[in-house]
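The values are calculated or read from the model by the stated rules, or taken from the named source; none is laboratory data. Since we're looking at a predicted model, the values are computed, not measured. Cβ placement follows ideal geometry from the backbone for every residue including glycine, while neighbour counts extend to all protein chains displayed.
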């Protein structure tokens, strides 16, 4: 039998896309200053895609080469019965990997059920180990719950457990070393992310704490690093390993070292908008199509068209850069 030849999701720059980030809610139990405003009106529940609609979309794009999924928010664990969605997605033919990014507040009681549902990769956002600084950054308390969630993820056998920290000059640069030491002590993979223009506040480039500064600080105070032998050039993080074998550090340098030309990601927002870049200025509303009986072929063609039209890069470092109207919590981290 001759099987159909499936063309990959490719853009005009030759980038092949296999990674889909799905936001399941815009709601969050924190108000991180670099992500969202303190006062916000969340979407009505009926505006969000159902688990069945999300799964149908994944069933449409999996034959196009999408094999890796990450669930995001807002805070995805605020979406009820999320392990059910994980289970549904893990059963879609062609999907090899389902991950989750969470702030960890609600993770402790859900970690084991998420693992049992098929989730294997988990990233937990944590910018500081200091309760006062945590409240300054998130406008809420809850550091103890995040730490409980991290330990619960380890107990549930997630490996690796990755910790994401946003590096902001004048605010969190002093958190780099304590976080790196914490990660080494508990067998976690630490990842630092350069501050990006995607939050509600006016972006100040002077607040970017650059990748080379982070690495220098770690090497001076924690231990020497070398590039990881299994570094994935398509991954957003540049990975390093401690020379003594005591762990791993990743740097996501979106500003100082843009990785746009190796990007393999597309995004689906909680309200059903398809975005071909985190900083995209245009999006396609798929929700009425998923709800209106439009054929899988028609939706697949729209996805192909969106990917084909993807721009070269976000242009943060040029005068042409335009900040998206959506903030991070409505796009999906």
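Considering every residue within the range 312-321, establish whether at least one is under 21 Å from residue 190 (Cα atoms), part of a loop (DSSP other than H, G, I, E, B) and touching a helix residue (DSSP H, G or I) at 6+ places or on another chain (Cβ under 7 Å).
Checked against the condition, which is being under 21 Å from residue 190 (Cα atoms), part of a loop (DSSP other than H, G, I, E, B) and touching a helix residue (DSSP H, G or I) at 6+ places or on another chain (Cβ under 7 Å), the range 312-321 yields no hits at all.
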**Prompt:** Within the group 61, 40, 98, which residue is closer than 26 Å to residue 158 by Cα, in contact with a helix residue (DSSP H, G or I) (Cβ under 8 Å, 6 or more places away or on another chain) and either in a loop (DSSP other than H, G, I, E, B) or touching a residue at least 24 places away in the same chain (Cβ under 8 Å) (or both)?
**Reply:** 98
**Prompt:** Failed condition for residue 26, given (1) outside any loop (DSSP other than H, G, I, E, B); (2) under 17 Å from the mean Cα position of the chain (by Cα), with all others met?
**Reply:** (1)
**Request:** Please specify each residue of the range 284-295 satisfying the condition of being touching a strand residue (DSSP E or B) at 6+ places or on another chain (Cβ under 7 Å) and either surrounded by 21 or more Cβ atoms within 10 Å (Cβ to Cβ) or modelled with pLDDT under 95 (or both).
**Result:** 286
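Do the conditions hold for residue 176, that is, is it over 29 Å from residue 81 (Cβ atoms) and at pLDDT 95 or above? Explain how you work it out, then say what you get.
Details: over 29 Å from residue 81 (Cβ atoms): yes; at pLDDT 95 or above: yes.
Spelling it out, residue 176 is indeed over 29 Å from residue 81 (Cβ atoms) and at pLDDT 95 or above.
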